[in-house]
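Heads up: the structure comes next, in structure tokens.
The values are calculated or read from the model by the stated rules, or taken from the named source; none is laboratory data. Everything numeric here is computed off the predicted structure, so don't read it as measured data. Counting neighbours? That spans all protein chains shown, and the Cβs are built from the backbone with ideal geometry, glycine included.
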């Protein structure tokens with residue numbers, strides 16, 4: 001990729017890695033760049049993003065795993081957004097992702113992606129922002145991907161007392177064939193609870 005700036009390539013990789021982030025070794029292996037050079041460029045990128053007051057994104061590093069997150073000063077604005085009618089209803093993608101996490105938890109984004117057949121970074125970010133799911137440690141495998149579980153707010157949102165109260169799926173062992181009716185079980189359950 002001779003026409004692409006090295007830092008831009010690193011930025012792109014961290015961006016597409018989503019909430020899981022990407023570790024230094026993987027970045028070096030994918031790009032072919034020296035690890036020390038990658039680390040130096042990422043530190044430079046982090047400083048640039050942090051110094052740009054109009055940029056809402058910052059680069060964070062934890063145990064050599066890099067992620068892009070929203071700067072804390074934008075939290076009040078994002079909270080207002082998620083409280084608006086526009087964001088009040090869960091999209092099909094979010095419901096699908098939430099269904100998988102609820103029944104398979106703890107689960108990684110990659111595992112969710114394999115079931116859905118598409119990248120779930122956006123849906124997971126929205127669900128985390130709405131406090132329906134949370135990061136619950138990292139899986140003990142290469143790259144140490146984040147694990148996700150549902151939250152207490154998830155239970156409140158869907159009128160459940162405990163996770164075992166989830167509506168039963170026709171085939172809970174086979175989430176690879178989720179259809180629209182199964183995805184909507186959550187919303188139907190929520191609507192039923194709201195009428196009580």
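Does at least one position in the stretch 127-146 carry a residue that is more than 23 Å from residue 12 (Cα to Cα), over 14 Å from the mean Cα position of the chain (by Cα), part of a helix (DSSP H, G or I) and in contact (Cβ under 8 Å) with a residue 24 or more places away in the chain?
Checked against the condition, which is being more than 23 Å from residue 12 (Cα to Cα), over 14 Å from the mean Cα position of the chain (by Cα), part of a helix (DSSP H, G or I) and in contact (Cβ under 8 Å) with a residue 24 or more places away in the chain, the stretch 127-146 yields no hits at all.
Residue 11: modelled with pLDDT of 90 or more and not in a helix (DSSP H, G or I), yes or no?
no
Let me confirm something: among 65, 16, 69, which residue is surrounded by fewer than 17 Cβ atoms within 10 Å (Cβ to Cβ), closer than 16 Å to residue 143 by Cα and within 22 Å of the chain's Cα centre (by Cα)?
16
Sort out which residues of the stretch 14-40 are touching a residue at least 40 places away in the same chain (Cβ under 8 Å) and part of a helix (DSSP H, G or I), and write them in order of number.
Scanning the stretch 14-40 gives 14, 15, 16, 18, 19, 20, 24, 26.
A quick yes/no check of all residues on (1) in the same structural domain as residue 21 (by TED's automatic domain parsing); (2) farther than 23 Å from residue 23 by Cβ; (3) out of contact with any strand residue (DSSP E or B) (no Cβ under 9 Å at 6 or more places or on another chain):
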{"position": "94", "(1), (2), (3)": "no, yes, yes"}
{"position": "98", "(1), (2), (3)": "no, yes, no"}
{"position": "121", "(1), (2), (3)": "no, no, yes"}
{"position": "134", "(1), (2), (3)": "no, no, no"}
{"position": "156", "(1), (2), (3)": "no, yes, yes"}
{"position": "159", "(1), (2), (3)": "no, yes, yes"}
{"position": "163", "(1), (2), (3)": "no, yes, no"}
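Within the stretch 79-88, is there a residue that is under 17 Å from residue 18 (Cα atoms), outside any loop (DSSP other than H, G, I, E, B) and in contact (Cβ under 8 Å) with a residue 12 or more places away in the chain?
Within the stretch 79-88, none of the residues are under 17 Å from residue 18 (Cα atoms), outside any loop (DSSP other than H, G, I, E, B) and in contact (Cβ under 8 Å) with a residue 12 or more places away in the chain.
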